Amino acid sequence: MGPTRSRWTNYLKQPGRKDRSVFMTWMLSYISVLLVPILISGVIYGATLSVVKTEMNRANQSILLQMEQAIDNQFKGIESLSLEVGLNRRISEFMTIGSALADSDHYAIYQIANDLRVYEIANDFIERIYIYYINSDTVLARNNRMNSQALYGELRFSENMTYESFKAFFDQWYIKGYQSVVVPEGKGWSPAVMFAQSVSPSIPGQPGAVLLFMIDQSKLLEQASVPDEGTILILDEQNRTIAATSDPLAPPIVKYGDMPEETGQLEIEADGRSLVASYTTSSITGWKYVMTLPAAVYHQKMNVVEQLTIASILLCLIVGGGVTYWLLRRNYMPIHALIQSLSFKAGVPFYKGSNEYSYLTNALNSTFQEKEKLNYKLNQHNNTLRSHFLQRLLKGQLDSHIPLHDSFEAHDLAFPFDGFSVMLLRIEHFGKFQREDEEQTRNRKLLLFLIANVVEEVARHSASAYAVELDHQLLACIVNHKKVEPEQHRSDLERIAEETMTFIAHHAHVQLAAAVSSQQESEYGIFQAFNEAVEAMEVRIVAGGGGMIHYAELGGSEGQGAVPGYFYPLNAEQQLIAMVREGQLEKAKTFIGELVRKNVTAESFSFHTAKCLMFDLMATLQKIIGEIRSANKADVPDGVRAIERLMQCQTVGEMRGQLFELLELLCAYVNDNREFSSNPLVDKVMKYVNDYYKDENLNISMIGEAFSMTPSYISKLFKESTGESLLDYINKTRLAQAKTLLVGEKYTVGEISLIVGYNDVNTFHRIFKKFEGVTPGRYREIK
């Protein structure tokens, strides 16, 4: 502000800057604009009869406008009353009544009649109110009930109108407006005015009702100011006399079609007299409000107006100067107050007599310069603000009260196409950007910036893309593209991902993994697309190997009919327990990796299923920790802390890392505290089971007798040496042979059960499903 203010002050102090003030300029302008036309008008007005004629017409129009406003205001009151009547609970509830009336319905009619009487008293402009219920063909008034046929006898839209045409009027979908009607009077018919308003039922699809307000014609012209020897009449669009100060049954002296404009004046001849008719048109009903005066009276008043006008001009010459000065001061004060405010807030004084326009121009220029500086500073932080907005957009955390398109415009984001997808790029290996010093963070940010620019540039050939960093090794890219077929969409997104990954791998030696969502139809689907991409990336992390994955490749996606679950049978758990008990770390890791790979390739495997599998594997390791503790071993690995860390993991990759960490601790503990040694007796028992597993009588008692030991002792000895019960070992030996026989088609399930030592096929089914997780028949189908 400092340099700008100095230049501004110097500008005002320059010679010649004290131009004529705005006040004096306006004073001269007002005098030249106001007084000169008045003087000229005074000279030529006596000869300008048309001007006087216009003024007379304006006076007549004023009378008509006053009458129009008074009548239209009454009509608006009727419309407001119609809304109140339509909201009346008893009136609306009667719409559900059919033609057959119950005793309670007669009481409801009595209550409605009382309500109508109150409404009629509330507005003296209303002569009578009818309610026509379409469902029951019932017409209610304040003192009687009838049907539509009887109503046709009391009013209609023309004398010759048929009942069918009259009934068709009420069959319209929606009715609202004023209608010219005729009502019986003596032996003939007289014109009247009716306002009709439909009332919608509370239950959709049910017939409603129609409110009919009959307007008292005597009230229409009650507030009209009728000139001497003049008449006023109201005509509808069918050239019917609605109301008149003269005989309403007489033919109108002017026709509706002779008055095409909204307002105007015309001279007519009627009954040998020359008349001047002024008219205006109602904005509500379209009726013509007409006032007629004899031509002689009309011109007589014009002469009086002419004389008064001349006197008015003279009065203007006397009073005009003072009024002009007062108006100038009044109009100048806002500018004066504005200048005083700017002078105080900007700190630049306004010199008396200086030109106000110059001062304001420089003040505005200074403000614009400050705004430009502020915009420049905001633009410097625009990338950070836009990244924050994109992150919230992906996670669905935007403010609901701010329109999404306004937010896009504020952050300079353009999405010209209808299709939206999200692509996740995860750094698997940092290549030459891998550093273990203080430059690591800066190098990773530089790498993410490079990847973001590359993917945006690659996508720009066929779409609009915006990339944003999510964490130190994950980047999301919102791709806005044309809506295409799913196959074409997948091909386009795979091309963008492949080109980006190839470019980064070639120039930066960095390995990327990509996950692509399905196609969404609008910007409100970005959140869904992001969740799909995250789920696909999680599956890629579980499967390992980098590369690219599309959300459509997830067999466990909702709506594809996949059966939820994963493969981790009891025998697989027993094998893992045996490996850990023996301290075989690499073998256990390979076993878990193979188990995960087998599940990933299954159609029903999803990200959430992978989490369940990881928790199940963790539960297996917890069982081993429990067995170690039951043996009163010291320094056992903390399984509770491992579970807590596992629950805090955000990705399956992190969960697998926690699982392997606990696995390493357990195997190291087993190897450091190994107490088990090879037992020759146990080896003999195993050989005995392998030789006699086909014997249906093979059990722990038979083995004890064979080795001259009690069943409990030999079972305990086997358990301490191998870590599993002797009965489980017998069953596993039999099942291993049974699975071999099930692969072929030579034997039935019943025959196989007898071959491996089970004389009861039900027992075979139960034990097989306990250890394998499936029945023998299902196992044969899978294999």
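The values are calculated or read from the model by the stated rules, or taken from the named source; none is laboratory data. Computed from a prediction, not measured in an experiment: that's the story for all the values here. When we count neighbours, we look across all protein chains shown, and the Cβ atoms used for this are built from the backbone with ideal geometry, even at glycine. Just the protein is used for accessible areas: all its heavy atoms, side chains included, with ligands, DNA and RNA removed. Shrake-Rupley method; radii C 1.70, N 1.55, O 1.52, S 1.80 Å.
Considering region 762-783 alone, what residues qualify as being under 18 Å from LEU698 (Cβ atoms) and at pLDDT 90 or above?
Correct list: THR763, PHE764, ARG766, ILE767, PHE768.
Do you know which residues across region 84-143 are under 18 Å from PRO201 (Cβ atoms), free of Cβ contacts under 8 Å to residues at least 12 places away in the same chain and assigned to a loop (DSSP other than H, G, I, E, B)?
Within region 84-143, LEU87 is the sole residue that qualifies.
Need a quick list: strands (runs of 3 or more DSSP E) entirely within region 180-287 having at least 1 residues that are exposed (fewer than 12 other Cβ atoms within 10 Å of the Cβ). Quick ask: steps written out before the conclusion?
Details: elements: 188-199, 209-215, 231-235, 241-244, 263-270, 273-281.
Output list reads 188-199, 263-270.
Looking at THR367, THR361, THR384, which is the one that is over 30 Å from PRO349 (Cβ atoms), open to solvent by 60 Å² or more (accessible area, probe 1.4 Å) and of a type in the set (Ser, Thr, Tyr)?
Only one candidate passes the filter, namely THR384.
Taking only pairs six or more apart or across chains, which ones have beta-carbon atoms under 7 Å, a first residue in region 409-434 that is under 24 Å from ILE549 (Cβ atoms) and outside any loop (DSSP other than H, G, I, E, B), and a second residue that is of a type in the set (Lys, Arg) and open to solvent by 20 Å² or more (accessible area, probe 1.4 Å)?
GLY419/LYS482; GLY419/LYS483; PHE433/ARG444
Could you list all residues from region 73-92 that are over 20 Å from HIS106 (Cα atoms) and open to solvent by less than 10 Å² (accessible area, probe 1.4 Å)?
Of everything in region 73-92, those that are over 20 Å from HIS106 (Cα atoms) and open to solvent by less than 10 Å² (accessible area, probe 1.4 Å) turn out to be PHE75, ILE78, SER82.
For region 558-577, which residues satisfy the criterion of being modelled with pLDDT under 50 and touching a Ser or Thr at 6+ places or on another chain (Cβ under 7 Å)?
Applying the first criterion (modelled with pLDDT under 50) to region 558-577 yields 558-563.
Listed by number, the residues that qualify are ALA562, VAL563.
Filter region 404-415 down to the residues that are open to solvent by 70 Å² or more (accessible area, probe 1.4 Å) and either over 28 Å from GLN473 (Cβ atoms) or touching a strand residue (DSSP E or B) at 6+ places or on another chain (Cβ under 9 Å) (or both) and list them by number. Spell out the reasoning first.
We begin by selecting, within region 404-415, every residue open to solvent by 70 Å² or more (accessible area, probe 1.4 Å); these are 405-406, 409-410, 412.
HIS405, ASP406, GLU409, ALA410 - these are the residues of region 404-415 that are open to solvent by 70 Å² or more (accessible area, probe 1.4 Å) and either over 28 Å from GLN473 (Cβ atoms) or touching a strand residue (DSSP E or B) at 6+ places or on another chain (Cβ under 9 Å) (or both).
Given the conditions (1) surrounded by 15 or more Cβ atoms within 10 Å (Cβ to Cβ); (2) touching a Phe, Trp or Tyr at 6+ places or on another chain (Cβ under 6 Å); (3) at pLDDT 80 or above, and given that ASP616 satisfies all but one, which numbered condition is not satisfied?
(1)
Filter region 717-727 down to the residues that are open to solvent by 40 Å² or more (accessible area, probe 1.4 Å) and either at positive phi or modelled with pLDDT of 85 or more (or both) and list them by number.
LEU727
For region 170-179, name all the residues that are of a type in the set (Phe, Trp, Tyr) and assigned to a strand (DSSP E or B).
Here is the first cut: in region 170-179, the residues of a type in the set (Phe, Trp, Tyr) are 170, 173-174, 178.
Within region 170-179, TYR178 is the sole residue that qualifies.
Looking only at region 640-675, count every residue that is at pLDDT below 80, of a type in the set (S, T, N, Q) and buried (at least 17 other Cβ atoms within 10 Å of the Cβ) and tell me the total.
1
For region 416-427, state whether one or more residues are open to solvent by less than 50 Å² (accessible area, probe 1.4 Å), of a type in the set (Gly, Ala, Ser) and farther than 21 Å from ILE541 by Cβ. Quick ask: steps written out before the conclusion?
We begin by selecting, within region 416-427, every residue open to solvent by less than 50 Å² (accessible area, probe 1.4 Å); these are 419-425, 427.
From the residues that got through so far, the ones that are of a type in the set (Gly, Ala, Ser) too are 419, 421.
Subset that is farther than 21 Å from ILE541 by Cβ: 419.
The answer is yes; a qualifying residue exists.
Quick test of your reading of the structure: ARG766 fulfils all but one of (1) without any contact (Cβ under 8 Å) to a residue 60 or more places away in the chain; (2) over 30 Å from CYS612 (Cβ atoms); (3) not hydroxyl-bearing (Ser, Thr, Tyr). Name the failing condition by number.
(2)
Looking at ILE755, ILE714, which is the one that is modelled with pLDDT of 90 or more and open to solvent by less than 80 Å² (accessible area, probe 1.4 Å)? I'd like the intermediate steps shown before the answer.
Numbers: ILE714 fails: modelled with pLDDT of 90 or more.
The unique qualifying residue is ILE755.
If you check every pair at least six apart or on different chains, which have Cβ atoms under 8 Å apart with a residue in region 327-348 that is of a type in the set (Gly, Ala, Ser) first and a residue that is loosely packed, with under 15 Cβ neighbours inside 10 Å and at pLDDT 65 or above second?
Short answer, once both residue conditions are applied: SER343/PRO349.
In region 144-160, how many residues are more than 24 Å from GLU237 (Cα to Cα) and assigned to a loop (DSSP other than H, G, I, E, B)?
2
Exactly one condition in (1) surrounded by 12 or more Cβ atoms within 10 Å (Cβ to Cβ); (2) modelled with pLDDT under 85 is false for PHE169; which is it?
Here PHE169 meets the rest and fails (2).
Looking only at region 725-763, count every residue that is under 60 Å from the mean Cα position of the chain (by Cα) and in contact (Cβ under 8 Å) with a residue 24 or more places away in the chain and tell me the total.
6
Checking TYR298 against (1) among the hydroxyl-bearing types (Ser, Thr, Tyr); (2) crowded, with 19+ Cβ neighbours inside 10 Å; (3) within 17 Å of LEU65 (Cα to Cα); (4) more than 59 Å from the chain's Cα centre (by Cα): exactly one of these is not met. Which one?
(3)
Can you find even one residue in region 93-115 that is open to solvent by 20 Å² or more (accessible area, probe 1.4 Å), at pLDDT below 85 and closer than 13 Å to VAL199 by Cβ?
Scanning region 93-115 turns up at least one residue that is open to solvent by 20 Å² or more (accessible area, probe 1.4 Å), at pLDDT below 85 and closer than 13 Å to VAL199 by Cβ.
Go through (1) over 38 Å from the mean Cα position of the chain (by Cα); (2) farther than 24 Å from GLY230 by Cβ; (3) open to solvent by 50 Å² or more (accessible area, probe 1.4 Å); (4) not small (Gly, Ala, Ser) and name the single condition GLU55 misses.
Every condition holds for GLU55 apart from (2).
All but one of (1) open to solvent by 20 Å² or more (accessible area, probe 1.4 Å); (2) touching a Leu at 6+ places or on another chain (Cβ under 8 Å) hold for ARG156, so report the exception by its number.
(2)
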